[in-house]
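> Take this structure first; my questions come after.
Derivation of every value follows stated rules applied to the coordinates shown; laboratory data play no part. Every value quoted in this text rests on a predicted model; they were computed, and no experiment measured them. All Cβ positions, glycine included, derive from the backbone under ideal geometry; neighbour counts span all protein chains shown.
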Amino acid sequence: MKPTITEHEAKDRVERYIEGVLTALPSTAERKPFTQHRSECTDPTDDGPQGRFEISATYEVTGLEAARFGEYFDAVVQWWSAHDFAVLTDSRPKDQYVFVRNKTDAFDMTVQANDLGKFYVGATSPCVWPNGTPEPQALEATEPEQPVAAPPEPEPEPVRKPRRAPVDDEDFAQTNWTDGGTSF
């Protein structure tokens, strides 16, 4: 139930990190919005309460030569190393994908490329409270639960006789349903 940065601050930091990565790329690199998300932390890795959100953005980076993607990956990883990010997944050379996490603020970043000549950079915040502090409903949810008496055992249902005999599948198609279900 600790305070966090606000959603607005998380969005700003996501954008700043992406802008920072772009400084490691050639001046021809331009970013084009690909996805932006605000996702509820329904299963947070820190076992925290619900009501918090992750803020993320991914950009396609245009103006790069596909033949030099390897150099660009190395430049981005070097930028991350200089800015307190730790590499958690580096799928190169099999796949053009690297995933990192900032050691100080737990923001995640990725860089990936594909055989179609597309290059992407993304960033995701850790779970944050919309206004930086726990919401009242989250505080209520963490109050200790009071023991509750077990509900009484339900009475067993009385055995009832079927209202009419089961219908034979062969007769089903022959039944005239307009007169209450009598057979021809």
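> Please list, ordered by chain and number, the residues whose modelled amide H lies under 5 Å from the amide H of residue 52; skip anything fewer than 5 residues away on the same chain.
Long-range HN contacts for residue 52: 41.
> Set Lys and Arg Cβ to +1 and Asp and Glu Cβ to -1, take the dipole of the stretch 1-145 about its Cα centre, and tell me which of 111, 69, 36 lies farthest positive.
Of the options given, the answer is 69.
> Multiplying the sequence separation of residue 65 and residue 82 by 0.36 nm and subtracting their Cα-Cα distance, what value in nm do you get?
3.7 nm
> Follow-up question, since we're still on this one. Testing the spin-label approximation: label points 7 Å from Cα along Cα→Cβ at residue 90 and residue 39. State their distance in nm.
Here the modelled spin labels are 2.5 nm apart.
> From the gyration tensor of the Cα coordinates in the stretch 39-137, what semi-axes in whole Å does the equivalent ellipsoid have, largest first, with each one equal to sqrt(5λ)?
Whole-Å semi-axes of the equivalent ellipsoid: 31, 14, 11.
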